[in-house]
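Report on the following structure.
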Amino acid sequence: MKQTIFATTILLITIVSAFNANARQVVTANENYTISTDASIDLSVNSSKSWVIEYGEKQIQVYKHETKKGEEYIVRNEYFEVMYVNDSKGFGVREIKNKHAKVAYQINSAVICTKQMEQQEILSPKKLDEEKALNYIASFVPFLLNENYKHILN
């Protein structure tokens, strides 16, 4: 009987610990989006951190990749992907590098508005801290979508 209770207790502790290890922590929340930490890692990006940005029921993944010049934030869902660069030249959006691309080019180019890509090339003339960079991403990504694809995040 004591062994059964002990084994059950150990099992419950293990389950609770595993659940807590995978729990998301909210970084920012407002009426438009919620940014939460995410334990998943994209090995193709060699990411140091990752987040989920939720717009109601829709979401995107953000992976932070450290470079010699600064950081790259890979932003994607199943329909599009872009990269926000944060370095001494400032903060802005770029097309994703081929080595990090996972979404088919034809789909990505149909969803992303090239005019908005140009307008978001420099969102800040100086490097941003991580929290501000995530809030910029969450705020500006919806504008990158072509009009026919706004439903992806709304």
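The values are calculated or read from the model by the stated rules, or taken from the named source; none is laboratory data. All of these numbers come straight from a predicted model, not from anything done at the bench. Glycine gets a Cβ as well: all are built from the backbone with ideal geometry, and neighbour counts include every protein chain shown.
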_basic (K, R), under 24 Å from N30 (Cα atoms) and surrounded by 15 or more Cβ atoms within 10 Å (Cβ to Cβ): is that true of K132 in this structure?_
no
Filtering the range 64-80 for residues that are hydroxyl-bearing (S, T, Y) and modelled with pLDDT under 95 leaves a count of 1
Return a yes/no flag: does the range 125-136 have any residue that is modelled with pLDDT of 95 or more, in contact with a helix residue (DSSP H, G or I) (Cβ under 8 Å, 6 or more places away or on another chain), small (G, A, S) and in a helix (DSSP H, G or I). no
Condition first: at pLDDT 75 or above and crowded, with 19+ Cβ neighbours inside 10 Å. Can you find one or more residues in the range 15-29 that meet it? no
Out of (1) within 22 Å of Y33 (Cα to Cα); (2) in a helix (DSSP H, G or I), the one I107 does not meet is (1)
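Residue-by-condition table, conditions (1) more than 16 Å from Y63 (Cβ to Cβ); (2) crowded, with 20+ Cβ neighbours inside 10 Å; (3) in contact (Cβ under 8 Å) with a residue 12 or more places away in the chain:
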site	(1), (2), (3)
Y84	no, yes, yes
S88	yes, no, yes
V93	no, yes, yes
S109	yes, no, no
I112	yes, yes, yes
S124	yes, no, yes
Filtering the range 99-124 down to residues that are farther than 14 Å from E78 by Cα and modelled with pLDDT of 95 or more yields C113, T114, K115, Q116, M117, E118, Q119, Q120, E121, I122, L123, S124
Discussion item. I'd like to check something: does the range 136-154 contain any residue that is farther than 22 Å from E57 by Cβ, among the charged types (D, E, K, R), surrounded by fewer than 17 Cβ atoms within 10 Å (Cβ to Cβ) and free of Cβ contacts under 8 Å to residues at least 40 places away in the same chain?
Written reply: no
Does the range 141-152 contain any residue that is of a type outside the set (D, E, K, R), modelled with pLDDT under 95, within 16 Å of the chain's Cα centre (by Cα) and under 24 Å from N30 (Cβ atoms)?
yes
